[in-house]
Structures are given as C-alpha cells and as structure tokens.
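Right, one structure below, let's go through it.
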Amino acid sequence: MLSRVAIAVGATLIFASKATLACKGPTQIFADNFQTQEPAWYGTLTIGGGLATLPASPRQHNLAFYGGKSIDSGDACVDVTGPSGLQDPTKVRVGIMFGFTDFANYYAFVIDEGGRAAVIGAHNGGSLVPVTSRPAASIKTGPGIANTLRVTWKGNAVSTFINDQPFVTFTLHYGLNNSFIGLYGGNDEPATTTFQFSNLKVTNGP
C-alpha cells in the first residue's frame, strides 16, 4: 500500500521556468514547488531542493496523486527527469497523470530515454493505451536532462505536448469529471529506479 507523503503547494519565483511557460491557461488552479510538506499528496515521494522523487521497484510502476483538488478540465505541466545508466532506455517511463479517480482508473502521459512517448492508463483495473508508443523528436535525451510535459483536457478531448511542441491530440470514451492529477514512474528494469519531478503547475483548461 502506498504511503502518504506531504508536499508543498504554493507558487514562488522558481516557477519562472519552462514549466510555467508551458501551461497556457490564464488562471492558476494549482502549483507545487516541492519545497515544503502538504498532506494532500499520496504516494512514496521524497522531497528536497525543489524536487519530488518517486521510486519504482523492479518491473513495477509507481503512482503519486494530489488529492487536495479535483480538476474537471485543465492545462497541466511538469518537468520530468528519468533515471540514468539504464541498460535499455525504452524500459523506463516517466510522466504526468491526469484523470485519476483511483489506482484502477487513471491516465498517464509518459516518455522514455529512447525518445518515445505514449499515453497509457487503466479503466476498472484493465490496462489502456489511448496513444501507442511512438518516436517524439521533441524529447531531449541524455543523463539528467529534464523534459517539460504538458497535457490539456476538457470533456473527452485531450492534447499533449513535449517541450512546448505538440505531440498527439485524441478523444477519450468518457469525460474526466471529479478526477485528480499525479506523477507516474514505470520500471521494466531488473533494479529499482527513481524519477524526479519539478515545477508542477495547473492552469484552467482550454
């Protein structure tokens, strides 16, 4: 069972970063600079120096979600950094979750160090792949390099962006009412890996 870890909510000058520039909505709904603790986060996160770190056990994925505010439509962005030193960079994926209602129902926009991106998820416990894995030229690869992921959703319509470049727009089979955002790390490697996140922000939707 995931432990509950508290994380900060509050915008500071740290948001004068690429993640701030990525979200386009004029009204801020939520922001986290990952400096201090706030009990609305659920997951095995550790916090320090403006980073949220999420571990994933061998051949497992790990999720953390913010339960302090449900968001029916939004424009969310976060800087993500995957682990380095991987034997196969396509086997580890990091991303931002949206449409989270519980651990059996969510979506995650993810990238890997091999330069590919996808949208994965679950519905009633079954796996979903709304956008199959495909190359994305806008992904920056290399040890310790951060990428800004952005996802917008309203009703059934979802659009995704990587480093301010469009990736895929698609339609879901149902809306994302009363859902939450979160962080995702997927690990198909034989050793535990860690993922880092910074500059999380959500503005009003498109």
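A short reminder: the numbers here are calculations on the coordinates, not readings from a lab. These numbers were taken from a predicted model, which means no experiment stands behind them. Virtual Cβ from ideal backbone geometry, glycine too; neighbours counted across all protein chains shown.
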Under the 7 Å Cα-to-Cβ spin-label approximation, THR141 and THR101 lie apart by a distance in nanometres of 3.7 nm
Cα-based Lys proximity count in the chain, under 24 Å, for pairs eight or more positions apart or on separate chains: 13
Which distance in nm do the two modelled labels at GLN35 and ASP88 give, with both placed 7 Å along the Cα-to-Cβ direction? 4.2 nm
Would you mind computing, in nm to one decimal, how far apart the modelled labels at ASP188 and GLN165 are, each placed 7 Å from Cα along Cα→Cβ? 2.3 nm
Expected sort for VAL168, VAL158, VAL202 with the fewest Cβ neighbours (10 Å cutoff) up front is VAL168, VAL158, VAL202
Kirkwood-based Rg/Rh on the Cα set of segment 13-203 evaluates to 0.92
If we count other beta carbons within 10 Å of each Cβ, what is the order of PHE34, PHE98, fewest first? PHE34, PHE98
Taking the Cα centre of segment 103-206 as the origin, how large is its charge dipole in debye, to the nearest 20, when only Lys and Arg (+1) and Asp and Glu (-1) carry charge on their Cβ atoms? 320 debye
Of CYS23, PRO83, LEU200, whose Cα points farthest to the positive end of the dipole of the chain (charges on the beta-carbon: +1 Lys, Arg; -1 Asp, Glu; origin at the Cα centre)? CYS23
Relative to the Cα centre, what is the charge dipole magnitude of the chain, using +1 at the beta carbon of each Lys and Arg, -1 at the beta carbon of each Asp and Glu, and rounding to the nearest 20 debye? 220 debye
Neighbour-count order for ASP102, ASP75, fewest beta carbons within 10 angstrom listed first: ASP102, ASP75
